[in-house]
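Asks: Got a structure for you, questions after.
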Amino acid sequence: MVNLLGYLPKRLNRAKYNEDELKSKIKKASTLDTMQKMLSRLSIQCFHKCVPKPEDSLDSRQRLCISMCMDRYMDSYTLVARAFGNRLQAELKESLAQQQAQDQS
């Protein structure tokens, strides 16, 4: 888990850091934290699926299984993230259109 405070300045100086910069730093830290959690879940799930009896090293079949598992997981994550982004954009456009219609009334 990422320590969000590590990405923020020790002392907030309004002249040095504007609101947009702070939002950007927080967003980057949050994104990094999300990716680290996802990779951790991915590693655990694929390892348990592909390595029933852990030994000193992985054989070629286990390496291939882990690789394919990770690829499928990332493809699924990308698909869901893209669909979610498209849905948010559509809702935002609809909301803006409704706001404009109300403003014109």
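Asks: How about region 25-55: which of its residues are of a type in the set (D, E) and touching a residue at least 12 places away in the same chain (Cβ under 8 Å)?
Replies: Matches in region 25-55: D33 only.
Asks: Taking region 50-64 as the search range and keeping residues that are surrounded by 12 or more Cβ atoms within 10 Å (Cβ to Cβ) and assigned to a helix (DSSP H, G or I), which one is farthest from the chain's Cα centre (by Cα)?
Replies: Ranking the qualifying residues of region 50-64, first place goes to Q62.
Asks: Which condition does V80 not pass, out of (1) modelled with pLDDT under 90; (2) under 18 Å from T34 (Cα atoms); (3) among the hydrophobic types (A, V, I, L, M, F, W, C), if it passes all the others?
Replies: Unmet for V80, out of (1) modelled with pLDDT under 90; (2) under 18 Å from T34 (Cα atoms); (3) among the hydrophobic types (A, V, I, L, M, F, W, C): (1).
Asks: Which of the residues that make up region 65-98 are over 25 Å from the mean Cα position of the chain (by Cα) and of a type in the set (A, V, I, L, M, F, W, C)?
Replies: L96, A97
Asks: Restricting to region 53-105, name every residue that is among the small types (G, A, S) and either within 29 Å of S43 (Cβ to Cβ) or in contact with a helix residue (DSSP H, G or I) (Cβ under 9 Å, 6 or more places away or on another chain) (or both).
Replies: Scanning region 53-105 gives S57, S60, S67, S76, A81, A83, G85.
Asks: If you don't mind, there's one more thing I want to ask. Considering only residues that are surrounded by 11 or more Cβ atoms within 10 Å (Cβ to Cβ) and charged (D, E, K, R), look in region 14-40 and name the one that is farthest from V80 (Cα to Cα).
Replies: Across region 14-40, the extreme among qualifying residues is E21.
The values are calculated or read from the model by the stated rules, or taken from the named source; none is laboratory data. What you see is a predicted model; the values in this text were computed from it and never measured. All Cβ positions, glycine included, derive from the backbone under ideal geometry; neighbour counts span all protein chains shown.
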